[in-house]
Amino acid sequence: MRAVNWFTPAIALGRIAWLRTILYLFVILDMHAFVRDTRDKGEHPGLYQPLLLARLLDLPKPSVANTTALYFVLIVACLVGASNYFPRIAGWIVAPAFTWWVLIGMSDGKVDHDHLALVIALWVLPTVGGARRGRASYGDQTPSEAAGWAIRCVQICVIATYFLSSIAKLRSAGWALTWPGSAVLTWAIVRRPHPVGEWLLHYPWVLHVMQWVGIIGEFCSPVILWLKGRWQLLGALFFLGFHAANTAILLIHFLPTVVCWLAFAPLERIVPWFQARRSDDAGKAEYQAEEGREAQQQAGA
């Protein structure tokens with residue numbers, strides 16, 4: 001029973017509403033900034049090498065017609081979904097469409113694991129309904145186990161991105177701890193030169209420390225799923241700092257994973273906090289106005 005409760009915590013529907021808006025708008029950014037060559041591959045279908053999932057689903061080869069149609073369907077559906085109107089209809093369009101978009105875009109042999117949590121998030125978001133639509137949905141404090149299940153799925157996939165990365169590093173080294181003691185960061189900096197990384201080349205011991213910290217953090221990442229409050233915040237900040245360091249040293253951003261860290265954030269508190277601030281400000285303004293009127297009355301007397 002505890003395991004079931006852990007997988008389906010009651011979480012306010014407002015968090016789902018915020019995630020819909022943020023992730024669907026991010027998908028539009030992703031299509032233009034990261035996985036942006038899907039339409040180009042439609043112009044050269046002879047170079048298309050379908051990934052395993054595309055072969056299992058027997059998806060058609062990309063063409064100018066289907067990649068262009070896919071592009072416009074995604075744009076429209078993401079904008080509708082981001083508005084939190086017709087969230088399930090829009091969501092069930094975005095999830096398979098973006099999955100196909102990614103499968104085409106990554107059909108050249110380079111599969112970016114930073115999209116794992118984002119793709120899964122798009123599949124689980126439409127499973128959650130809600131009584132409120134549009135702007136009202138952001139402040140919906142109704143607890144929902146369906147929302148909790150969706151959020152937990154995204155959280156698990158975020159953490160799996162790091163944990164499976166550590167397993168891949170160990171496997172590639174013959175299940176030995178040779179990766180953190182190697183010169184892999186040195187090689188990466190030479191391959192992708194950047195001022196910060198080139199400066200660190202003069203301090204190889206720092207690079208070795210960073211490799212050890214990175215793989216230990218990735219291997220221990222599942223602990224974050226059971227942390228709460230400030231401890232979980234510290235875990236999230238560690239990995240956000242991890243990505244900030246990668247960006248500064250190698251210009252590797254991992255934004256599709258980073259944005260999914262918002263599944264850990266209590267986004268449903270934003271509207272109540274803002275409303276409370278407005279009430280306090282209104283109360284202070286009314287109090288000051290009342291004091292002003294009393295002062296005028298006393299002066300007139």
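What ranking of 145, 218, 43 emerges when the number of other C-beta atoms within 10 Å of each C-beta is taken as an exposure proxy, fewest first?
43, 145, 218
Under the rule of at least 5 residues apart or a separate chain, name every residue whose amide H is placed under 5 Å from the amide H of residue 12.
144
Please arrange 116, 47 by how many other C-beta atoms lie within 10 Å of their C-beta, fewest to most.
Details: 116 18, 47 11.
The order, fewest Cβ neighbours first, is 47, 116.
When the Cα centres of segment 74-90 and segment 212-272 are compared, how far apart do they sit, in Å?
27 Å
Please identify the trypsin sites (Lys or Arg not before Pro) of segment 136-233 that satisfy two criteria: DSSP loop assignment and at most 11 other Cβ atoms within 10 Å. Which are they?
Taking segment 136-233 and a limit of 11 other Cβ atoms within 10 Å, the loop trypsin sites (Lys or Arg not before Pro) found are 228.
Report relative contact order for segment 8-279 in percent, whole number only (criteria: Cα-Cα under 8 Å, sequence separation at least 6).
That works out to 26 percent.
Could you derive backbone 3J(HN,Hα) for segment 262-267 from the dihedral phi with the Karplus parameters 6.51, -1.76 and 1.60 (θ = phi - 60°), listing whole Hz in sequence and x where the residue is Gly or Pro?
Values per residue, Gly and Pro as x: 4, 5, 7, 8, x, 4 Hz.
Give the angle, between 0 and 90 degrees and rounded to the nearest 10, that separates the Cα long axis of helix 87-105 from the longest principal axis of the Cα atoms of the chain.
Roughly 30 degrees between the two axes.
Determine how many Å³ per residue the convex hull of the Cα atoms of the chain encloses.
Spelled out: Cα convex hull of the chain, divided by residues, is 222 Å³.
Restricting to DSSP loop positions (anything but H, G, I, E, B) with no more than 15 other Cβ atoms inside 10 Å of their own Cβ, which trypsin sites (Lys or Arg not before Pro) remain in segment 33-102? Display every interim value, and only then the final one.
Values: sites: 36, 39, 41, 55, 88; in loops: 36.
Answer by residue number: 36.
For segment 115-272, how big is Rg over Rh, using alpha carbon atoms and the Kirkwood form of Rh?
Reported Rg/Rh (Cα atoms, Kirkwood Rh): 1.05.
Could you give the angle, 0 to 90 degrees to the nearest 10, between helix 204-219's Cα long axis and the longest principal axis of the Cα atoms of the chain?
Roughly 70 degrees, rounded to the nearest 10.
What is the Cα coordinate range of segment 1-142 on the first, second and third principal axes, sorted by size from largest, in whole angstrom?
Dimensions of segment 1-142 along the principal axes of its Cα atoms: 51, 35, 24 Å.
What is the helix-to-structure angle for 145-172, meaning the angle in degrees between its Cα long axis and the longest Cα principal axis of the chain, kept from 0 to 90 and rounded to the nearest 10?
In the chain, helix 145-172 runs at an angle near 30 degrees to the longest axis.
For segment 16-32, what does the Karplus curve 6.51 cos²θ - 1.76 cosθ + 1.60, with θ = phi - 60°, yield as ³J(HN,Hα) per residue in whole Hz, taken in order and with x for Gly and Pro?
Karplus values, whole Hz, x for Gly and Pro: 5, 4, 5, 5, 4, 4, 5, 6, 5, 5, 5, 4, 4, 4, 4, 5, 9.
Every number here is computed from the coordinates shown, using simple stated rules; none is lab data. Since this is a predicted model, take the numbers as computed values, not measurements. Note that each Cβ is placed from the backbone with ideal geometry, even for glycine, and that neighbours are counted across all protein chains shown.
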